[in-house]
Every structure is written in C-alpha cells, then in structure tokens.
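Beneath this line is the structure, given in structure tokens, with notes to follow.
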Amino acid sequence: MALKTPAEYVDSLRDLSIRAYVNGERIESVADHPSIAPHINTVAKTYELAHDPEHRDVMTAESHLTGERIHRYTHIFHSADDLVKKIQMLRLLGQVTGTCFQRCVGLDALNALYAITYEIDEKEGTTYHRRFCDYLTGVQRADLMLAGAMTDPKGHRAKRPSQQDDPDQFVRVVERRDDGVVIRGAKLHNTGGINSHEVLVMPGTGLSDEESDYAVACAVPANADGVLFIFGRQSNDNRKLEGGCDIGNPRFGVVGGEAMVVFDDVFVPNERVFMNGEAKYAGTMVNYFATWHRANYGGCKGGNADVLIGATAKMTKVLGTERNSVVRDKLTEMIHMNETTYASAIGASAMGYALPCGAYMVDPMMANTVKQNITRNVYQIGRLSHDLAGGFLATMPGEQSFDNPEIARFVEKYHQANPEYQTRERVKLGRYIENMTSVTTMVEAMHGAGSPQAQRIVMLGQADIDKKIEMAEQVIDGDDDVNGLPLPGKRQPAEVEG
Ligand code: SF4
Ligand code: FE
C-alpha cells in the first residue's frame, strides 16, 4: 500500500494517539479536534489528489529504491524534471486548498538526509546511508506524513549552542547507548507537526567540533515516549470553533497549523539515527534543506495567491468595480508579482544539478531569490487585495448578524453592492481575504524557510562580485576577447559556517 487514501491518513492519526496540547489543554485525539481539522483536511487533499489520474504525473513518482509508484511527497529528486514537477505539485495544491499543505518540510528533510548520510559515509566510513534508505523504503511504502524539525529555540541569540546558559536551547544528545541515543530539547514552528506520523529531527545551524552533541539527525515517531506537541495560536483561530463563513478558509485553514515539539529525553534506536556527532556536516545539511525549501515558496505561495487574486477579483464584481481600469491594473500587478516568483522557482528547478549521492539540488541563487521575493510580494499582493476589497474587510459584521431578525435586514440592505450578489457572499469573500492576509499568514511568508536576511547572505555569497567587476572592466576597458569569462552555469550552495 504505497498510496494512502485520505480516510486511511485520518484513521492512522487516530491510531497514533499522540501527546498534544491545544490552548493549554491536553487533547484526546488530534484527528477529532476542531482546531486541527482544517490542517488535516489540507493534508488529506495531498493524499486524495495522488489517486486522481489527471494529477498522477505531478503527484506521484517511481521510487528509485523499490520501483513502486509512490507519493511525490516521499520521493528523492533524481532529475531537474523531478524538481520542476515538485513546484508544479505545490502550485496545484496551493490552488486547491488556498493554504499550506505541510508535507513539503518532511519531503525536503528526507532529501537532505539522503544527501548528507551519503556524504558522511563517503568521508567517515560510517553506514548511515544504507540505514537511511531502509527507513525511507518504509516511509514510501506506508506513505507517511513527516514533519521536518529544524528550528531550535536558540536561547540567547548572541551565543552559540555550546555557550548557552541552558544547554537544551538546541536539541542535543544527552546519552549515548549501545542501542541508540537519548535526545533532549525542542523544535519550534513545526509545520504540520501535530498531524504527522513522524518527526525528522535535523540540526538547525552549522556546528563546530566541540558541539558534536548537537549534531544529531534522526526520525522520531510522533507517539514516542517523551515527545509532546504544543499547538500554536493563530489570527482569528477561535472562529474555527464557531463554524460558518467567519472562519475564513472554512475547509482548509490558515498556514500549516504550526506546533512546538518537545523532546523530553526521548530514546531513539540506532536504526533511526542518521547523524550522531558528525558536527562538520551539520551546516551542509541545513543548507541543503533550506535551499530546496526556499524554492518551494514560488510554487505553494503561487497557488495560494491564485486563490487570493480570484477572491479579490470576485470582490470587485460584488462591488461593481471590475471594469475600472485602475482596478484591472492592480489585479495585473498582483498577477505579475505572483508569476515572477513562480517563474524563479521553475528556473531554480530547471537549473538543478546532481549532488554526489545523485539527488538533484535546485540552483541556490534562484531559490534564495524566490524566497526573498516572497517576503515582499506576499505582503504587496495582500496590500493590493486590501486596497481593492475596501475598508469593509476590517469592519464587516459577523455571520450571526444575518440570523438575528432585528438587524438582518439592515445588515443585508446597507452592505448590498452589486445586486447580483448576496451580502452574505460579500462577507464570506471578505473573511477569506481577511484570514489569508492575516498576521499569521504574512509572518509565515516572511520567516518560513528562513528569515529574509538568511537569503541575502546566500545571494551575496553566490553573486561573485569580483567576477562582476571583471565583467564591467572587460566591457568598459577590455578588448573583444571574452575567453575566461564565466557563462551562467551550475552554482553550488555556500557552506553554513560552523
Ligand atoms: Fe509546503 Fe509552502 Fe507549507 Fe512550506 S509553506 S510546507 S513549502 S506549502
Ligand atoms: Fe512554510
């Protein structure tokens, strides 16, 4: 059974019975909690579309390990075409759900583990890669939903992991046994963490040799002893409990339902440990993961923006402004920004190249440029959506107003615009726009896959300014001999300093 159905996914979560807390209270079942339901519905769509013949090509792939048809969310990228299809899959899922479908973090973590275990083994004579491939085969056959856990709490930001007053501010090995390791610490902002089967733990930063206890990568079942999830709050999250149109994105929720995951002395058996003390490889692993994940945002946010642009365009019809040339120009600007980031993500993928293990890496300059643009364009697209939808977004009445006979007729009458549309429809659209341009959504676009400055560091490092100076000198002062100047080609990710 290499492709789960949506129902099997939900049932498997119910069977897991993890330790999870929402608004301070321990919950019985993540599969049955209204705060988590929209995020589960979104992941269920990833399972559903893999069974749809129309989308088989982008949603599934052939396993290079078993030859079986598997979900693309458990696949190792083996060509530029694989990378392009991933971006296409993300745009499709973004269009269908209008939000974050969460499985990409685990996918990129799988690929980063695949690559780094190969490189550690090559240099150190270890056997992590074989072990990881065995684990991966199991993941592919069970079509698991994996959370990728990278961001440590980090404590005092001016101090390295080994300098913290509290050594648990970065996940670390606290005990090494013959049969495995015991880890302690926490990982923050885990997209889909609370509704995943397993958590892939990775180092969150480059490490020095004396920080080898922090160099740990492993796979932890979500229901392992000592693992607990604390669900984050979002803008307007209590509305999920009310039902109706005020929820915003009633079926699929807002971003990824992020959670903190705590590892309170968790034993991880050897067969699930893929890095254990090899500190000098931590930076490369972070880099691989981040580079793949940054390109993603041109796909998923592209699909999300398609829905937002659609909602905004419909709102202009509800208002009767849709033929106004200024309105059309603003919609065009939204489209332009959206297609620019999508094109960069496709470009980063098309220029992909093979790592030593055979997995394909995206072009790091373009991948970082995608994410940098997302930190601006998502805000700018949201701004234009607010501009076109009007102040009503901030002041519209709640759904209950339509149910109270004393006020319903006033609410209907004085919010009526184009008579072809019901007022309730205007509110529903407005709520969608409100939620999908909320603080939670915007901040996710800003900091997900790394904060903007992280991309700028890579971009400047990749740009090779000296070569550009050489180009300028050649053009301005040189003769016509262009030999020795570089053609645009394959760029390698820069190292993260230990
Ligand atoms: Fe995937 Fe985008 Fe969500 Fe990241 S933000 S998990 S890339 S949908
Ligand atoms: Fe994200």
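For region 52-79, the tally of residues that are surrounded by fewer than 20 Cβ atoms within 10 Å (Cβ to Cβ) and not in a helix (DSSP H, G or I) stands at 11.
When the residues of region 238-256 are filtered to those that are within 14 Å of ligand 1 (Cβ to nearest atom) and either farther than 10 Å from T97 by Cα or not polar (S, T, N, Q) (or both), which remaining residue is surrounded by the most Cβ atoms within 10 Å (Cβ to Cβ)? So the residue we want is G256.
Remark: pairs (first residue in region 189-201, of a type in the set (S, T, Y); second residue within 14 Å of ligand 2 (Cβ to nearest atom) and not in a loop (DSSP other than H, G, I, E, B); Cβ separation under 6 Å; 6+ apart in sequence or on different chains) = T191/V105; S196/A147. Scanning region 18-30 for residues that are without any contact (Cβ under 8 Å) to a residue 40 or more places away in the chain and at negative phi yields a count of 5.
E412 meets the conditions (1) outside any helix (DSSP H, G or I); (2) more than 16 Å from ligand 1 (Cβ to nearest atom); (3) modelled with pLDDT under 95 in every case but one. The failed one is (1).
Residues are listed down the side, and each one gets a yes or a no for (1) assigned to a loop (DSSP other than H, G, I, E, B); (2) within 21 Å of H447 (Cα to Cα); (3) of a type in the set (A, V, I, L, M):
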{"residue": "V261", "(1), (2), (3)": "no, yes, yes"}
{"residue": "D265", "(1), (2), (3)": "no, no, no"}
{"residue": "L308", "(1), (2), (3)": "no, yes, yes"}
{"residue": "N338", "(1), (2), (3)": "no, yes, no"}
{"residue": "G347", "(1), (2), (3)": "no, no, no"}
{"residue": "G358", "(1), (2), (3)": "yes, no, no"}
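Given the conditions (1) of a type outside the set (A, V, I, L, M, F, W, C); (2) more than 16 Å from ligand 1 (Cβ to nearest atom); (3) touching a residue at least 40 places away in the same chain (Cβ under 8 Å), and given that D477 satisfies all but one, which numbered condition is not satisfied? Checking D477 against (1) of a type outside the set (A, V, I, L, M, F, W, C); (2) more than 16 Å from ligand 1 (Cβ to nearest atom); (3) touching a residue at least 40 places away in the same chain (Cβ under 8 Å), the one that fails is (3). Between A282, A217, the distinction of being closer than 25 Å to V370 by Cβ and over 18 Å from the mean Cα position of the chain (by Cα) belongs to A282 only.
Here's the yes/no breakdown for (1) surrounded by fewer than 24 Cβ atoms within 10 Å (Cβ to Cβ); (2) closer than 21 Å to V266 by Cα; (3) free of Cβ contacts under 8 Å to residues at least 60 places away in the same chain:
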| position | (1), (2), (3) |
| --- | --- |
| A112 | no, no, no |
| H129 | yes, no, no |
| D134 | yes, no, no |
| H156 | yes, no, yes |
| Q163 | yes, no, yes |
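Evaluating L393 against the criteria (1) over 30 Å from R409 (Cβ atoms); (2) in a helix (DSSP H, G or I); (3) in contact (Cβ under 8 Å) with a residue 24 or more places away in the chain leaves one unmet condition, (1). Note on region 85-129: among residues that are touching a His at 6+ places or on another chain (Cβ under 7 Å) and away from ligand 2 (no atom under 15 Å from the Cβ), the one that is nearest to A222 (Cα to Cα) is T117. Every condition in (1) surrounded by fewer than 20 Cβ atoms within 10 Å (Cβ to Cβ); (2) within 16 Å of ligand 1 (Cβ to nearest atom) holds for N270 except the one numbered (2). The set of residues in region 147-165 being more than 11 Å from G185 (Cβ to Cβ) and assigned to a strand (DSSP E or B) consists of A147, G148.
Contact map, region 248-266: first residue away from ligand 2 (no atom under 15 Å from the Cβ), second residue assigned to a loop (DSSP other than H, G, I, E, B) and aliphatic (A, V, I, L, M), Cβ cut-off under 8 Å, separation 6 or more or different chains; pairs are G248/V254; F263/V171; V266/A224. So, A449, is that one within 15 Å of ligand 1 (Cβ to nearest atom) and either modelled with pLDDT of 95 or more or not in a helix (DSSP H, G or I) (or both) or not? Taking the combined requirement at face value, the residue satisfies it. Regarding region 34-57, can at least one residue be identified that is touching a strand residue (DSSP E or B) at 6+ places or on another chain (Cβ under 8 Å) and away from ligand 1 (no atom under 16 Å from the Cβ)? Yes - at least one qualifying residue is present in region 34-57. When the criteria are applied in full, P38 meets the requirement of being closer than 28 Å to L241 by Cα, modelled with pLDDT under 95 and either touching a Pro at 6+ places or on another chain (Cβ under 7 Å) or assigned to a helix (DSSP H, G or I) (or both).
The residue pairs whose first member lies in region 300-318 and is more than 10 Å from G94 (Cβ to Cβ), whose second member is of a type in the set (F, W, Y) and part of a helix (DSSP H, G or I), and whose beta carbons are closer than 7 Å, counting only pairs six or more residues apart or on different chains, are A311/Y432.
Candidates are the residues of region 166-198 that are surrounded by 24 or more Cβ atoms within 10 Å (Cβ to Cβ), within 16 Å of ligand 2 (Cβ to nearest atom) and assigned to a strand (DSSP E or B); the one that is farthest from the chain's Cα centre (by Cα) is K187.
The values are calculated or read from the model by the stated rules, or taken from the named source; none is laboratory data. What you are looking at is a predicted structure, and each value in this text was computed from that prediction instead of being measured. Every residue, glycine among them, receives a Cβ derived from its backbone with ideal geometry; neighbour counts consider all protein chains shown.
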